[in-house]
1. What FRET efficiency, computed as 1/(1 + (r/R0)^6) with R0 = 22 Å and r the Cβ-Cβ distance, is obtained for residue 299 and residue 89, rounded to the nearest 0.05?
2. How do the peptides 148-158, 251-261, 63-73 rank, highest first, by the average count of neighbouring beta carbon atoms within 10 Å per residue?
3. In which sequence would 27, 302 go, from the one with the fewest C-beta neighbours within 10 Å to the one with the most?
4. Using a 10 Å cut-off around each Cβ, can you sort 37, 277 from fewest to most neighbouring Cβ atoms?
5. Under 1.5 on a/c is rounded, so check that first for segment 52-106, then, if it is not, pick prolate when a/b is larger than b/c and oblate when it is not; a ≥ b ≥ c are the square roots of the alpha carbon gyration tensor eigenvalues.
6. Tell me, how many Å apart are the Cα centres for segment 242-314 and for segment 42-116?
7. Rounded, prolate or oblate, given the Cα gyration tensor of the chain, with a/c below 1.5 counting as rounded?
8. If each DSSP helix of 4+ residues adds -39,500 (n - 2.57) and the sum is divided by the residues in the chain, what number results at 222 nm, nearest 500 deg cm²/dmol?
């Protein structure tokens, strides 16, 4: 893992360099961290492709963003990461170089359910959907300038593990445990992608970011019952605002000093709040053997094989 250079103290969105001429794809951009990320990149001149699963919510977000930033270069495209057919359709229709891909979308702690292809919903959406999307856009990223992939995870990855013998939770499912699994998978993926990009000499950076405990709609849209009630209270009393939480992925997506393999998170106590700084993943997430096993499994489940030797698309 790369640990230098350090993040400048109390970095804010004012530090985002000019993004004119750059194209960024932000998954789950209709609300929360994704919306703030898309807005701030558009504010700095980027052409931003917002993706949303729900068409109505996506259009509402697009209208809101255009209202906040008249004349901004933003567009909306449909993408449901829980459906690999949708992932293929989105990637196939994107015919321009991509400078930044922010793998931001996710679901959090819902009751057990399966994706269209039969995967546990959190693992399928948060990890497999983004694994497939990144692989399908790799040639577009290779054609970008200072291209990078930012995968958004959570501090809960530290309690996660990959249940290779029960991926769909059929035998034993808990919303929190399988959310942690998906976030652990995000970290394994981001670091393994960095290793493979470096080994192949592909000039694309893979970075990780997490928002700390930020108040987003994840806490209300996924959990049910008592857990939902508890998270509603902690959102009000403990969480930081989404504007601050999004700074971590914005730094990773734009800073000239952000290096492949870095993990960016809040600088406050327990990484729950604060401004961007370099943080460390769980020791278990540094296990290259587990990462390779997950990569091979993801390739088999999605049918998406990364071609690191291919020429960039133009």
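All of the numbers you see were taken from the coordinates with simple rules; none came from a lab. The structure displayed is predicted, hence computed values, not measured ones. Counting neighbours? That spans all protein chains shown, and the Cβs are built from the backbone with ideal geometry, glycine included.
1. Efficiency, from the Cβ-Cβ distance: 0.65.
2. Averaged packing, sorted descending, gives the order 148-158, 251-261, 63-73.
3. 302, 27
4. In increasing order of surrounding Cβ atoms, one gets 277, 37.
5. oblate
6. Here the answer is 19 Å between Cα centres.
7. It is rounded, given that a/c, with a ≥ b ≥ c, falls under 1.5.
8. -11500 deg cm²/dmol
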